[in-house]
1. Output the residue which, of all residues in region 110-119 that are within 11 Å of residue 64 (Cβ to Cβ) and in contact with a strand residue (DSSP E or B) (Cβ under 8 Å, 6 or more places away or on another chain), is modelled with the lowest pLDDT.
2. So which residues in region 34-83 are part of a helix (DSSP H, G or I) and either under 14 Å from residue 96 (Cα atoms) or touching a residue at least 40 places away in the same chain (Cβ under 8 Å) (or both)?
3. Checking residue 27 against (1) assigned to a loop (DSSP other than H, G, I, E, B); (2) more than 24 Å from the chain's Cα centre (by Cα); (3) modelled with pLDDT of 90 or more, only one condition comes out false. Which one?
4. Which residue is surrounded by the most Cβ atoms within 10 Å (Cβ to Cβ), if the candidates are limited to region 88-117 and must be free of Cβ contacts under 8 Å to residues at least 40 places away in the same chain and in a loop (DSSP other than H, G, I, E, B)?
5. Those residues that are surrounded by fewer than 16 Cβ atoms within 10 Å (Cβ to Cβ) and touching a helix residue (DSSP H, G or I) at 6+ places or on another chain (Cβ under 6 Å), I need them from region 68-77; list them, please.
């Protein structure tokens with residue numbers, strides 16, 4: 001019962017129509033906030049002629065290390081990610097390239113111009 005008495009005696013109950021909570025003195029106005037900068041995502045195209053097929057920066061980092069022969073655990077340690085996150089990135093890449101295995105993925109990457117044009 002004391003909870004409800006405290007709620008009913010709250011200064012907000014004394015607000016009149018159109019009056020703000022700041023007028024009661026309960027909430028102070030917030031400091032002026034800086035505008036949010038838009039984030040530009042770096043993408044790496046697998047084929048410069050086809051702009052619809054690209055990798056994000058993290059996906060590209062994972063692929064490059066996979067092509068160099070690192071294991072998923074080694075890639076995760078190098079990028080300070082969990083192994084599960086690296087697996088997720090590789091799964092997304094395999095979907096984009098329509099392949100099922102890592103060996104097919106590596107073949108497709110070598111066949112594309114990705115390794116020649118992007119220096120990661």
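The values are calculated or read from the model by the stated rules, or taken from the named source; none is laboratory data. From a predicted model like this one, the values you see are computed outputs, not experimental measurements. Note that we place each Cβ from the backbone using ideal geometry, even for glycine, and neighbour counts take in every protein chain shown.
1. Ranking the candidates gives 118 first.
2. 59, 60, 61, 63, 64, 66, 67
3. Among (1) assigned to a loop (DSSP other than H, G, I, E, B); (2) more than 24 Å from the chain's Cα centre (by Cα); (3) modelled with pLDDT of 90 or more, the lone unmet condition for residue 27 is (3).
4. Filtering region 88-117 for residues that are free of Cβ contacts under 8 Å to residues at least 40 places away in the same chain and in a loop (DSSP other than H, G, I, E, B), the one surrounded by the most Cβ atoms within 10 Å (Cβ to Cβ) comes out as 99.
5. If the condition is that a residue be surrounded by fewer than 16 Cβ atoms within 10 Å (Cβ to Cβ) and touching a helix residue (DSSP H, G or I) at 6+ places or on another chain (Cβ under 6 Å), then 73 is the only one that fits.
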